[in-house]
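A.B. asks: I'd like to ask you about the structure that follows.
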Amino acid sequence: MAAPMQIVGLATPDDLTQSVLIKYNTAARFANQALAAVLSKCQAGANTQELCTLGDQILTESTQAVYKTGVERGIAEPTTVNVNNALSSYSPMDSPYILQIGDVVKVSLGAHIDGYTAKGCHTTVIAPINAEGPLIAKPANAIIAAYYASEAVIKMLSAANDSSIVTARKIRELVEEAARTFHVTVVEGSKVRRIKRYLVGQARVEEDALGADQPKQVEWHREVPGQPAFEDDEFVVEQGEAWLIDIAMSTGSGKVREHLTLRPTIYVRDATVTYNLKLRAAQSTLREIQSTKSVFPFCLRSLSDQRTARMGISECKTKGVVSEYPVLLEHPKETIARQASTLLLSKSGNSEAIRLTGGSAFALPWVKSEYEIETGSALDQYAQLASATRVKEVGIPAIGSSMEL
């Protein structure tokens, strides 16, 4: 059996040097391009499998066209298209869902160059052609809450400095305020976290790389009777850091469960586990995973022999050499909205923040809530913040633009 993969630079400090910034920006250009392309195809009658395939194809072709020697690059998060009450990990390989008018759709994906990662997620609504008005039902509240919570946190982080200290508690309170304002609930698993090279929250990977050195992170967990509702380290956000803002809101309880019948299609390699697999299909599948995949999750669709992969992945999972990403759902009658962006807090001294993913190119869909942000509230202040901090957006590359690196 091949030796476990070793990723050079795992968990090492990230200095935002010029070369690192270029790699982050390059990954962001490709992530934004793929996200915009998939969102543009989200319309009634669209096949979710084809949408996921489109996103992954763009990510793969784009990343493989640059840094052609000596630099690992590729998909950091496979494209998923999660509809209505689905939160994450839906990337079907057969019997795909067909989008319908009224669906609330979350498209999520990510790219990396040399382990420097840009991830994004945006929520849209499948509206009828020539719609006469915005979506005004309960799902609109979740969509607006997720959008404004994400935007407010980005502005809060971007303004972080010695005179405007940002802590875990302030981040949590701001997101919770958005949920209360629009009468929705923060979905468990939502997080605002510092990310590092190769480390963006993959199952098991960070535990093995960091050990007791836990990352800066605010995460929403399911409440357990008799235990505190949350427990955050009182960290302080600092310039020179990279952050992932990933916030989901629900019209229901915010509690999610694994889908009972959909077989997971997304997995991640656990490089710390070795095992002499018995089935030839499992051995073949693991060999390909070891030779072509990194510490990032991958979709079975990306393996060369999908039939063999489907047969072999079960033993790989049972023996612990891979971990699965199950499709997560809220109650069928509820709706989840989700927004995710990656942000760099420059340490160049010019108080500039760089928004890698999301931004003005990914606008709030046509929705309207019966609730409004209270004038003078923290959410209102950040929603209209015009600070000295300048937020630069990477945005979407022009069609046909190329990059030789």
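The values are calculated or read from the model by the stated rules, or taken from the named source; none is laboratory data. Just so it is clear, the structure is predicted and the values come from calculations on it, not from any experiment. Because the Cβ atoms are built from the backbone with ideal geometry, glycine has one as well, and the counts that use them run over all protein chains shown.
A.B. asks: Does V83 satisfy being closer than 15 Å to L51 by Cβ and touching an Asp or Glu at 6+ places or on another chain (Cβ under 6 Å)?
C.D. replies: It is true that V83 is closer than 15 Å to L51 by Cβ and touching an Asp or Glu at 6+ places or on another chain (Cβ under 6 Å).
A.B. asks: Continuing with the same structure: Mind listing whichever residues of the range 106-150 are of a type in the set (V, I, T), touching a helix residue (DSSP H, G or I) at 6+ places or on another chain (Cβ under 8 Å) and either under 25 Å from N47 (Cβ atoms) or not in a strand (DSSP E or B) (or both)?
C.D. replies: V107, T123, T124, V125
One line per residue, one yes/no per condition, for (1) over 21 Å from R355 (Cα atoms); (2) modelled with pLDDT of 95 or more:
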{"position": "A3", "(1), (2)": "yes, no"}
{"position": "D14", "(1), (2)": "no, no"}
{"position": "T17", "(1), (2)": "no, no"}
{"position": "L39", "(1), (2)": "no, yes"}
{"position": "T63", "(1), (2)": "no, yes"}
{"position": "I75", "(1), (2)": "no, yes"}
{"position": "S88", "(1), (2)": "yes, yes"}
{"position": "S95", "(1), (2)": "yes, no"}
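A.B. asks: Any residue at all in the range 395-405 that's modelled with pLDDT of 95 or more and either surrounded by fewer than 16 Cβ atoms within 10 Å (Cβ to Cβ) or not assigned by TED's automatic domain parsing to the domain that holds Y275 (or both)? Spell out how you get there, then give the answer.
C.D. replies: In the first step, residues of the range 395-405 are kept if they are modelled with pLDDT of 95 or more; the result is none.
Checking the range 395-405: not a single residue is modelled with pLDDT of 95 or more and either surrounded by fewer than 16 Cβ atoms within 10 Å (Cβ to Cβ) or not assigned by TED's automatic domain parsing to the domain that holds Y275 (or both).
A.B. asks: List, please: which pairs have Cβ atoms under 8 Å, are six or more places apart or on different chains, and start with a residue in the range 373-388 that is in the same structural domain as K170 (by TED's automatic domain parsing) and end with one that is at pLDDT below 70?
C.D. replies: Close Cβ pairs satisfying both conditions: A388/S351.
A.B. asks: Checking the condition surrounded by 21 or more Cβ atoms within 10 Å (Cβ to Cβ), more than 20 Å from F296 (Cα to Cα), of a type in the set (A, V, I, L, M, F, W, C) and over 14 Å from the mean Cα position of the chain (by Cα), which residue from A131, A145 passes?
C.D. replies: A145
A.B. asks: Out of (1) in contact with a strand residue (DSSP E or B) (Cβ under 8 Å, 6 or more places away or on another chain); (2) surrounded by fewer than 24 Cβ atoms within 10 Å (Cβ to Cβ); (3) in contact (Cβ under 8 Å) with a residue 40 or more places away in the chain, the odd one out for I101 is which?
C.D. replies: The failed condition is (1).
A.B. asks: Moving on. What do you reckon, is K347 within 24 Å of W243 (Cα to Cα) and at pLDDT below 85? Explain how you work it out, then say what you get.
C.D. replies: Details: within 24 Å of W243 (Cα to Cα): yes; at pLDDT below 85: yes.
Yes: the conditions hold for K347.
A.B. asks: Right, next: Give the range 59-70 a look and list any residue that's surrounded by 14 or more Cβ atoms within 10 Å (Cβ to Cβ) and in a loop (DSSP other than H, G, I, E, B), or say none.
C.D. replies: Narrowing the range 59-70 to residues surrounded by 14 or more Cβ atoms within 10 Å (Cβ to Cβ): 59-60, 62-63, 65-67.
The answer is A65, V66, Y67.
A.B. asks: Checking R338 against (1) closer than 30 Å to A146 by Cβ; (2) crowded, with 23+ Cβ neighbours inside 10 Å; (3) more than 18 Å from the chain's Cα centre (by Cα), only one condition comes out false. Which one?
C.D. replies: (3) is the only condition that R338 fails.
A.B. asks: So V104 ticks every box in (1) out of contact with any Phe, Trp or Tyr (no Cβ under 9 Å at 6 or more places or on another chain); (2) within 28 Å of L16 (Cβ to Cβ); (3) of a type in the set (A, V, I, L, M, F, W, C) but one. Which box is left unticked?
C.D. replies: (2) is the only condition that V104 fails.
A.B. asks: On to the next question. Which residues, taken from the range 158-176, are crowded, with 21+ Cβ neighbours inside 10 Å and either assigned to a helix (DSSP H, G or I) or in contact with a His (Cβ under 9 Å, 6 or more places away or on another chain) (or both)?
C.D. replies: S158, I171, L174, V175, listed by residue number.
A.B. asks: Identify all residues within the range 233-254 that are under 30 Å from G320 (Cβ atoms) and either surrounded by fewer than 17 Cβ atoms within 10 Å (Cβ to Cβ) or out of contact with any strand residue (DSSP E or B) (no Cβ under 9 Å at 6 or more places or on another chain) (or both); write none if there are none.
C.D. replies: If the condition is that a residue be under 30 Å from G320 (Cβ atoms) and either surrounded by fewer than 17 Cβ atoms within 10 Å (Cβ to Cβ) or out of contact with any strand residue (DSSP E or B) (no Cβ under 9 Å at 6 or more places or on another chain) (or both), then D233 is the only one that fits.
A.B. asks: Six or more apart or on different chains, Cβ under 6 Å: which pairs go from a residue in the range 254-277 that's of a type in the set (G, A, S) to one that's modelled with pLDDT under 95? Could you list them?
C.D. replies: Qualifying pairs under 6 Å: A271/P4; A271/M5.
A.B. asks: OK, next. For the range 313-335, which positions are under 23 Å from K278 (Cα atoms) and touching a residue at least 60 places away in the same chain (Cβ under 8 Å)?
C.D. replies: S323, E324
A.B. asks: If L174 satisfies every condition in (1) out of contact with any Gly (no Cβ under 9 Å at 6 or more places or on another chain); (2) over 23 Å from F298 (Cα atoms); (3) free of Cβ contacts under 8 Å to residues at least 60 places away in the same chain but one, which is the exception?
C.D. replies: That leaves (3) as the condition not met.
A.B. asks: Which residue out of S158, S108 is modelled with pLDDT under 95 and not aromatic (F, W, Y)? Break it down into steps so the answer makes sense when it comes.
C.D. replies: On the way: S108 fails: modelled with pLDDT under 95.
Every option except S158 fails the conditions.
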